[in-house]
There are 2 protein chains.
Amino acid sequence: MQKIIYLHYKFDSMFSQSEENYLKAIYHLGITSVNGVSTNAIAKKLSTKASSVTDMIKKLADKNVLIYKKYQGVKLTEEGKKTAALIVRKHRLWEVFLVEKLNFNWDEVHDVAEQLEHIKSSKLINEIDALLGFPKFDPHGDPIPDTNGNLHLIEKKLLSTLHINETGICIGVKDSSASFLQFLDKQQIALGQEVEVLEKEDFDDSMTIKINDKKMTVSNKIANNLYIQKQ
Amino acid sequence: MQKIIYLHYKFDSMFSQSEENYLKAIYHLGITSVNGVSTNAIAKKLSTKASSVTDMIKKLADKNVLIYKKYQGVKLTEEGKKTAALIVRKHRLWEVFLVEKLNFNWDEVHDVAEQLEHIKSSKLINEIDALLGFPKFDPHGDPIPDTNGNLHLIEKKLLSTLHINETGICIGVKDSSASFLQFLDKQQIALGQEVEVLEKEDFDDSMTIKINDKKMTVSNKIANNLYIQKQ
DNA sequence: AATATTTTTTAGACAAGACTAAAAATGTTT
DNA sequence: AAACATTTTTAGTCTTGTCTAAAAAATATT
Ligand SMILES: [Mn+2]
Ligand SMILES: [Mn+2]
Ligand SMILES: [Mn+2]
Ligand SMILES: [Mn+2]
């Protein structure tokens, strides 16, 4: 008796949308840690359940994009890393496109980019790249991987780690939620602006800074989510 | 005992990708015929099986986008027509974008547009529309529905129906397969060019025409797939 | 009118991707 | 080392969208 196997995916797409989302989540979680990425961490990132994650990582291990040993968490293989980086590349290039060409604000782009990152066409994304003049960073200051999935990491530190009288340039956000971005807009804080630390309050870790030639006080929560490039 | 119902779709997307493809197929098939669209016709258009179509049209009928009576074929409701037209609008606007802004040839755009048409964001598609200067036709000469899903149909006839000495402008293709479009490129036939019928051959229904100030003979198969606007 | 053919529907199955609940493994305290 | 807590896996179920095979209805042909 022969078992019939149905193939419900298109042949030109190596990975399903769901598989791509898992790869991307594991990629992001894996950048910081040197250990394997835990099932629970992936579940949390994707707002799904640990049992669903176990199912999926088994499948991805079969496809050789990650290494999985029971109870040991997962690690992306080189192929997995590249695949994930190319999805991140698409996500960030689309974000730049939406801001630069379609009048989106930086707090409106993420959800649309989450959809657009799954479009399969290398010509499409390379032409978008060219149209934008090969940008190196997305609207939130995150670096854009190149066509091979290589990422050029830049030296940056959180505003909260700067000492009094230190200066730098605001180059990115750690939290890129719409509410934080809208808050920055309201405070007229934008990427590219020069920052100088004037005072630090030990009591609540708030800081007084000069930014955009304006003096203002920011809470620790803000200072902990703004990336500064030291000069 | 309580039955648990799982909701596996996102709340902001009314229809799944698959449902959208069915709606679009029924929309295209329904334009010509005054009767209902048959199960088999839909199956053929979507390269699927009649049984799958029956399942899906029941579901779409429950969602009030079409009317279904067993064995009678289906007809889109007003809501269904509008939904389908807005997907067609997205497909065609993306095709224009790819050709006008990203250096795609008209034979390369369809497959990518098939993916892009499912992106959910009204701001996105309206901004693309504006960026392109609110085009009325796609690269194949097909009309682009407006934001309400209304379509402005234009008077056109197939080249094969023109008589000797009649003239017109080449405004569209009926067959928009890559092979036909590439053939037209090779013959240097493009939309917008003026056409005059010089001779018609009864034997094989071929025609001699003057197009782009060049005299050439085209087979009936060609003449049957080129739309002409009478002057 | 009866029979044959085609179309459509139903019934039952499968794969992907999700869930819950329970079992098993690992980690942390005492 | 044993008990407790947490994490991870397994087992079983569900939905969506597909399939094949067979039954039923509608059409076409004799
Ligand atoms: Mn983003
Ligand atoms: Mn970003
Ligand atoms: Mn098309
Ligand atoms: Mn087209």
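One table, with the values for the structure above:
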read-out: Members of the stretch B:96-138 found to be of a type in the set (Ser, Thr, Tyr) and open to solvent by 70 Å² or more (accessible area, probe 1.4 Å), listed by number; value: B:SER122
read-out: Test set (1) within 16 Å of DNA strand C (Cβ to nearest atom); (2) crowded, with 19+ Cβ neighbours inside 10 Å - A:LYS70 fails condition number; value: (2)
read-out: Restricting the stretch A:130-142 to residues that are of a type outside the set (Phe, Trp, Tyr) and touching a residue at least 24 places away in the same chain (Cβ under 8 Å), the residue that is farthest from the other protein chains (Cβ to nearest Cβ); value: A:GLY141
read-out: Residue in the stretch B:47-56 that is at pLDDT 95 or above, open to solvent by 50 Å² or more (accessible area, probe 1.4 Å) and more than 25 Å from A:GLN17 (Cβ to Cβ) present; value: yes
read-out: Exclusive hit being at negative phi and within 14 Å of chain A (Cβ to nearest Cβ), set B:GLU155, B:GLU166, B:GLU127; value: B:GLU127
read-out: Residue, nearest to the chain's Cα centre (by Cα), within the stretch B:25-41, restricted to residues that are open to solvent by 20 Å² or more (accessible area, probe 1.4 Å) and within 16 Å of ligand 4 (Cβ to nearest atom); value: B:HIS28
read-out: Verdict on A:LYS210 being under 20 Å from A:GLN231 (Cα atoms), basic (Lys, Arg), within 16 Å of ligand 1 (Cβ to nearest atom) and at pLDDT 95 or above; value: no
read-out: Meets criteria (more than 22 Å from A:LEU131 (Cα to Cα), without any contact (Cβ under 8 Å) to a residue 12 or more places away in the chain and either open to solvent by 40 Å² or more (accessible area, probe 1.4 Å) or within 15 Å of DNA strand D (Cβ to nearest atom) (or both)) for A:LYS44; value: yes
read-out: Number of positions in the stretch B:103-127 that are more than 15 Å from ligand 4 (Cβ to nearest atom) and not small (Gly, Ala, Ser); value: 9
read-out: Hey, A:LEU153 more than 30 Å from B:LEU116 (Cβ to Cβ) and without any contact (Cβ under 8 Å) to a residue 24 or more places away in the chain or not; value: yes
read-out: Test: residue in the stretch B:5-12 that is under 14 Å from B:GLY80 (Cα atoms), part of a loop (DSSP other than H, G, I, E, B) and either out of contact with any His (no Cβ under 8 Å at 6 or more places or on another chain) or at pLDDT below 95 (or both); value: no
read-out: Selected residue [in contact with a helix residue (DSSP H, G or I) (Cβ under 7 Å, 6 or more places away or on another chain) and open to solvent by less than 60 Å² (accessible area, probe 1.4 Å)] from A:SER177, A:SER160; value: A:SER160
read-out: Search result, residues across the stretch B:25-46 that are modelled with pLDDT under 95 and of a type in the set (S, T, N, Q); value: B:THR32, B:SER33, B:ASN35
read-out: Matching residues, the stretch A:73-88, being assigned to a helix (DSSP H, G or I) and open to solvent by 10 Å² or more (accessible area, probe 1.4 Å); value: A:GLU78, A:GLU79, A:LYS81, A:LYS82, A:THR83, A:LEU86
read-out: Residues of the stretch A:139-153 that turn out to be of a type in the set (A, V, I, L, M, F, W, C) and open to solvent by 20 Å² or more (accessible area, probe 1.4 Å), as a count; value: 2
read-out: Residue in the stretch B:196-203 that is of a type in the set (Asp, Glu) and either assigned by TED's automatic domain parsing to the domain that holds B:GLU108 or under 19 Å from B:VAL96 (Cβ atoms) (or both) present; value: no
read-out: Residues located in the stretch A:197-220, provided they are open to solvent by less than 90 Å² (accessible area, probe 1.4 Å), in a strand (DSSP E or B) and over 15 Å from A:ASN165 (Cβ atoms); value: A:LYS214, A:MET216, A:VAL218
read-out: Selection within the stretch B:75-113 - more than 10 Å from every other protein chain (Cβ to nearest Cβ), within 28 Å of B:SER179 (Cβ to Cβ) and of a type in the set (Asp, Glu); value: B:GLU95, B:GLU100, B:ASP107
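The values are calculated or read from the model by the stated rules, or taken from the named source; none is laboratory data. Given the structure is predicted, the values throughout are model-derived calculations rather than measurements. So basically every Cβ, Gly included, is an ideal-geometry build from the backbone, and we count neighbours across all protein chains shown. SASA here: full protein model, heavy atoms, side chains in, ligands and nucleic acids out. Shrake-Rupley method; radii C 1.70, N 1.55, O 1.52, S 1.80 Å.
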